[in-house]
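In what follows, a single structure is set out as structure tokens and then discussed.
The values are calculated or read from the model by the stated rules, or taken from the named source; none is laboratory data. Note that the structure is predicted; figures quoted are calculated from it, not measured. Glycine gets a Cβ as well: all are built from the backbone with ideal geometry, and neighbour counts include every protein chain shown.
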Amino acid sequence: MKALNWIEYSIIFPFHNEKENLPFLIDDAIKFVHYVETNCEFIFIDDNSSDNSLETVMSHLEQRHPSIGNLEVVFRKNVKNLGCHASVNRGLEIASGKYLLWFPTDNQILPTSAIPLLHDLKRNRILHTVRAKRRDPIYRKILGRAWNYYTNLFLGLDVKDVDSVTFYQREVFRVIAREIDGNGFVAQNTAQSLEMFVVAKQLGIPIIQRKILHEKRYSGEPKAITFKEAINSFIDVLRIRKKYLKSVEPQ
């Protein structure tokens, strides 16, 4: 797959040990490319997998999709496990497309599900998605609602589904990234997207929210968050509040 002079859509796929899910994801992503009929870029971020996930990606692309003229593919591998959101941000930073999208590799939100939202993405600088009829176990839904309530309360946001995927116009992502770059993210992983939302709000950049289809996990079990990760995420919210919202009281 040759290098392209310009890219319309950059699509980031962060993954950690998703060998069984990746071929299905790639096939769906190729459908997206065929639909938009313009130059696209896939960025695969291997978050230090131990199950040959990256080799699976390369092999499947070579065997099933060996030659697509309007597609460029980029591979990166983290030297240690950084987590999903940190991996997403690594992909966003190197993306060269006009529009930046990312998708989880459990296939619960597929690239083709974003097709109805592309018109809104072109009209708005940030488009955040809300998972419609979320297809997750009940305990994950309860935790998600609690996390939503806590983050919106303490950060002065109005984001309906904070852990869903976000799409950016590249120009606005770079504006937000420049605001953060001085001292780097204060959030370590999960809350990095929240830090970007807070910066966007302070810059007066609206976050448009639209529903997106949500499917059952294609293969494997959901990766359960550990107690340590949960505590660190809550602490990250307090760090974000301290850095950006010193004079704001919870509403």
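Of all residues in region 136-170 being among the aromatic types (Phe, Trp, Tyr) and touching a residue at least 12 places away in the same chain (Cβ under 8 Å), which is nearest to PHE13 (Cα to Cα)?
Of the residues in region 136-170, the ones among the aromatic types (Phe, Trp, Tyr) are 139, 147, 149-150, 154, 167-168.
Imposing the further condition that a residue be touching a residue at least 12 places away in the same chain (Cβ under 8 Å) reduces the set to 147, 150, 154, 167-168.
Values: TRP147: 24, TYR150: 28, PHE154: 30, PHE167: 13, TYR168: 15 Å.
That would be PHE167.
Just one residue in the set ALA114, ALA86, ALA95 is touching a residue at least 60 places away in the same chain (Cβ under 8 Å), surrounded by 17 or more Cβ atoms within 10 Å (Cβ to Cβ) and under 21 Å from ALA3 (Cα atoms); that residue is ALA95.
The condition (being surrounded by fewer than 19 Cβ atoms within 10 Å (Cβ to Cβ), in contact with a strand residue (DSSP E or B) (Cβ under 9 Å, 6 or more places away or on another chain) and hydrophobic (A, V, I, L, M, F, W, C)) is satisfied by just one residue among ALA132, ALA177: ALA132.
Among what's in region 53-81 and is of a type in the set (Gly, Ala, Ser) and under 22 Å from TYR9 (Cβ atoms), pick the residue that is modelled with the lowest pLDDT. Filtering first and then ranking leaves SER67. With a requirement of 3 or more residues that are of a type in the set (Phe, Trp, Tyr), the helices (runs of 4 or more DSSP H) lying completely within region 1-99 that satisfy it span 22-36.
Tell me which residues, restricted to region 188-203, are under 20 Å from ILE231 (Cβ atoms) and among the charged types (D, E, K, R).
Restricting attention to region 188-203, the residues satisfying the condition of being under 20 Å from ILE231 (Cβ atoms) are 188-195.
Scanning region 188-203 gives a single hit, GLU195.
Residue by residue, here is whether (1) under 26 Å from ARG170 (Cα atoms); (2) surrounded by 23 or more Cβ atoms within 10 Å (Cβ to Cβ) holds:
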residue	(1), (2)
PRO14	yes, yes
ASN17	no, no
GLU20	no, no
ASP27	yes, no
LYS31	yes, no
HIS34	yes, no
GLU37	yes, no
CYS40	yes, yes
GLU55	no, no
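Residues of region 44-57 include none that is free of Cβ contacts under 8 Å to residues at least 12 places away in the same chain and under 17 Å from THR112 (Cβ atoms).
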